[in-house]
Amino acid sequence: MFRRQALAWGASAVLATPSLVRAQGAAAGYPDRPIRFIVPFPAGGGTDTWARIAAEPMQAELGQPIVIDNRGGAGGMVGTEAAAKVPPDGYQLLFTITTHIQSPVVMNRFPYDPVADFAPIGRLGTTAVNFVVGPKVPASVTTMAEFVEWARPRDVSFGNYAPGSTGHAFGLILAREARLNATQVAYRGEAPMLQDILAGSIEGGFHSMAASGEMVRAGRVRPLAASGARRSPTLPEVPTLIELGYSNRFDFDGFSGLLAPVRTPRPIVDRLVEAFRKAAEAPATLERLRRIDTVPAYLGPDEFGSFIATKLRDWTNLARDLDLRVES
């Protein structure tokens, strides 16, 4: 299924297509113009927020502006496919999340190879997602048990920020384990999904705090439970679904990180790796991530590449178990 996945990251990242001398020459003045982060989701969502948190300190380190280029669609595959095909010169990079490995699996469509088509630069962090409800659910419903009791005799709708995403899978698992008749509604990102929750078009869905935090703090949406194995540091009063007796399938945290096209010259990749590492480990970055419920979890390129390959295997197994397939 994964046409080059058998190749180890170390082998796939040996970028010798131009000679080493030519590659060093290309990198000598890098960067000498603005860099673009292709973000495969709309502005205002979690991916966009994490990309901007990483870009700001990287700009200072690299001495060039970093432009965020939001290209949503097809569960992140539109922007990711574009990023796989740009010139591998270090000026167009992909900042992405777990849908990088999820969407191709559940849509059974592989316009890019999640492992072999990209050179990992680094992982920024990991994050759980919260199940939140909006004004379509009575204000008296403040716990997951109360929501299940209220929803069980009804037809309800759960939004997700991409077809086949963690939020989609969790919505299916929650509906099955709580015995709810829930329709899954796919959006092009977290921002439009949140707008529909606020408008009362759907009852709720799974969200990152990066996207929903301000609305949670303002009381416009109500978090009832969290994924992951531990409670959120910023929402310690909100129990995890596992605590509430739901299955360990909810212990699947997402990631965010930066990738380059695989044939990017090694000296340029090395320059980006160092700039990203400094940005990810800066105290200001760590503080900003924690404020939006993201666990700082930097990984360098080799470790991040192995992590992506492992997540791809894990998600393939979960999608098969859930029969999680979406017509693309």
Practice item. Considering each residue of the range 105-156, count those that are under 27 Å from residue 259 (Cβ atoms) and of a type in the set (S, T, N, Q), and give that number. Key: 4
Check your understanding: Condition test on residue 256, is it assigned to a helix (DSSP H, G or I) and in contact with a helix residue (DSSP H, G or I) (Cβ under 8 Å, 6 or more places away or on another chain)?
Key -> no
Exercise for review: At least 3 residues that are surrounded by 21 or more Cβ atoms within 10 Å (Cβ to Cβ) in each: list the strands (runs of 3 or more DSSP E) lying fully within the range 25-100 that qualify.
Suggested key: 35-39, 92-97
Point to revise | Of residues in the range 231-250 being within 19 Å of the chain's Cα centre (by Cα) and either in a helix (DSSP H, G or I) or loosely packed, with under 15 Cβ neighbours inside 10 Å (or both), the one modelled with the highest pLDDT | key: 250
**Study point:** Number of positions in the range 1-24 that are in a helix (DSSP H, G or I) and either at pLDDT 50 or above or under 30 Å from residue 75 (Cα atoms) (or both)
**Key:** 7
Exercise for review: Specify which of the listed residues (122, 167, 171) is surrounded by 22 or more Cβ atoms within 10 Å (Cβ to Cβ), assigned by TED's automatic domain parsing to the domain that holds residue 317 and of a type outside the set (A, V, I, L, M, F, W, C).
Suggested key: 122
Review point. What is the residue count in the range 72-104 for residues that are under 14 Å from the mean Cα position of the chain (by Cα) and aromatic (Phe, Trp, Tyr)?
Key: 1
Practice item. Inspect the range 183-194 for any residue being farther than 24 Å from residue 125 by Cβ, free of Cβ contacts under 8 Å to residues at least 40 places away in the same chain, surrounded by 19 or more Cβ atoms within 10 Å (Cβ to Cβ) and not assigned by TED's automatic domain parsing to the domain that holds residue 317 and give the result as yes or no. Key: no
Exercise for review: Quick one: in the range 128-140, of everything that is hydrophobic (A, V, I, L, M, F, W, C) and farther than 15 Å from residue 197 by Cα, which residue is modelled with the highest pLDDT?
Suggested key: 129
Review point. Under 7 Å by Cβ, and 6 or more places apart or on different chains, what pairs join a residue from the range 58-73 that is at pLDDT 95 or above with one that is crowded, with 18+ Cβ neighbours inside 10 Å and among the acidic types (Asp, Glu)?
Key: 68/48; 70/48
Exercise for review: Could you please tell me which pairs satisfy a Cβ distance under 8 Å, a separation of 6+ or placement on different chains, a first residue in the range 136-153 that is surrounded by fewer than 16 Cβ atoms within 10 Å (Cβ to Cβ), and a second residue that is assigned to a loop (DSSP other than H, G, I, E, B) and of a type outside the set (Ser, Thr, Tyr)?
Suggested key: 145/244; 152/179; 152/180
Review point. Does any residue in the range 199-218 that is under 13 Å from residue 159 (Cβ atoms) and in the same structural domain as residue 165 (by TED's automatic domain parsing) come within less than 7 Å, Cβ to Cβ, of a residue that is among the polar types (S, T, N, Q) and surrounded by fewer than 22 Cβ atoms within 10 Å (Cβ to Cβ) six or more places away or on a different chain, and which pairs are these?
Key: 202/157; 203/157
Review point. Checking residue 104 against (1) buried (at least 24 other Cβ atoms within 10 Å of the Cβ); (2) farther than 30 Å from residue 179 by Cα; (3) not hydrophobic (A, V, I, L, M, F, W, C), which single condition isn't satisfied?
Key: (2)
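To keep it simple, each residue is scored yes or no on (1) within 22 Å of residue 116 (Cβ to Cβ); (2) outside the structural domain of residue 112 (by TED's automatic domain parsing); (3) of a type in the set (A, V, I, L, M, F, W, C); (4) at pLDDT 95 or above.
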site	(1), (2), (3), (4)
266	yes, no, no, yes
270	yes, no, no, yes
282	no, no, yes, yes
295	no, no, yes, no
306	yes, no, no, yes
310	yes, no, no, no
313	yes, no, no, no
Review point. Could you give every pair whose Cβ atoms fall below 7 Å, whose first residue belongs to the range 291-305 and is at negative phi and in a strand (DSSP E or B), and whose second residue is surrounded by fewer than 24 Cβ atoms within 10 Å (Cβ to Cβ) and among the β-branched types (Val, Ile, Thr), counting only separations of at least 6 or pairs across chains?
Key: 295/126; 297/126
Check your understanding: Just a yes or no: is a residue in the range 107-126 at pLDDT 95 or above, within 18 Å of residue 41 (Cβ to Cβ), aliphatic (A, V, I, L, M) and part of a strand (DSSP E or B)?
Key -> yes
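The values are calculated or read from the model by the stated rules, or taken from the named source; none is laboratory data. Here the structure is a predicted model, which means the values were calculated and not measured. Reconstructed Cβ throughout: ideal geometry from the backbone, glycine too, with neighbour counts over all protein chains shown.
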